[in-house]
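Right, one structure below, let's go through it.
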Amino acid sequence: MNRKQARLRSATAPKKKLAIGTRRLAGFTLLELMIVVAVVGILAAIALPSYEQYVLRTNRTTVRAFMGDLVSRQESFYADRNGYATTLSDLGMSADSISIDDEARIGSTPAIYTLTLGAAATTCAASASGSATGDEFMLYAVPQGRQTADTRCATLCVSSTGYRGASGTSSGECWTR
């Protein structure tokens with residue numbers, strides 16, 4: 001029997017029937033793939049906003065720690081000179097307005113906050129207004145880049161009197177969490 005005859009014979013030969021409950025393994029069906037895609041989509045829709053809020057909260061924690069360091073420097077400055085520094089340069093920073101990234105590196109990009117030193121106030125304004133005096137100060141951290149999505153806390157501030165605040169919609173939780 002030659003090749004042609006063998007092909008004809010196999011094409012016309014009756015197919016073997018499968019037993020009930022068995023099935024050929026031929027890969028995934030379209031329905032199975034659609035179910036997997038739907039499940040992955042639902043999980044992503046739930047997880048992504050939670051992750052984004054986690055990143056914003058982590059960045060807030062980073063800037064709060066950095067602000068705590070600057071307040072400590074201010075207190076040391078006050079103890080040495082009987083007055084607060086009026087610029088961030090007086091505290092050993094590279095400029096009077098500094099940007100920090102999510103690892104608290106100064107001047108790195110992308111910046112998450114810009115810190116400035118201003119006059120003390122009773123509330124946390126959107127930006128520093130006035131100049132710091134030797135008697136008092138307010139340190140402001142204004143969100144930059146992707147951190148501007150943090151509407152819960154927005155601008156963070158801390159003063160020489162111990163006031164800690166934020167200008168966002170849920171400012172009460174910004175210094176506790």
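Brief remarks follow.
- Scanning the stretch 128-153 for residues that are among the small types (Gly, Ala, Ser), out of contact with any helix residue (DSSP H, G or I) (no Cβ under 6 Å at 6 or more places or on another chain) and at pLDDT 90 or above returns 145, 149.
- So residue 118, is it at pLDDT below 90 and more than 25 Å from the chain's Cα centre (by Cα): yes
- The residues of the stretch 65-90 that are more than 13 Å from residue 141 (Cα to Cα), surrounded by fewer than 17 Cβ atoms within 10 Å (Cβ to Cβ) and hydrophobic (A, V, I, L, M, F, W, C) amount to a single one, 79.
- Of the numbered criteria (1) out of contact with any helix residue (DSSP H, G or I) (no Cβ under 7 Å at 6 or more places or on another chain); (2) at pLDDT below 90; (3) surrounded by 16 or more Cβ atoms within 10 Å (Cβ to Cβ), the one residue 62 fails is (2).
- Residue within the stretch 96-105 that is among the aliphatic types (A, V, I, L, M), under 15 Å from residue 62 (Cβ atoms), in a loop (DSSP other than H, G, I, E, B) and at pLDDT below 90 present: yes
The values are calculated or read from the model by the stated rules, or taken from the named source; none is laboratory data. Treat the numbers as computed from the prediction; the structure is a model and nothing was measured. Positions of Cβ are generated from backbone atoms using ideal geometry, with glycine treated the same way; all protein chains shown enter the neighbour counts.
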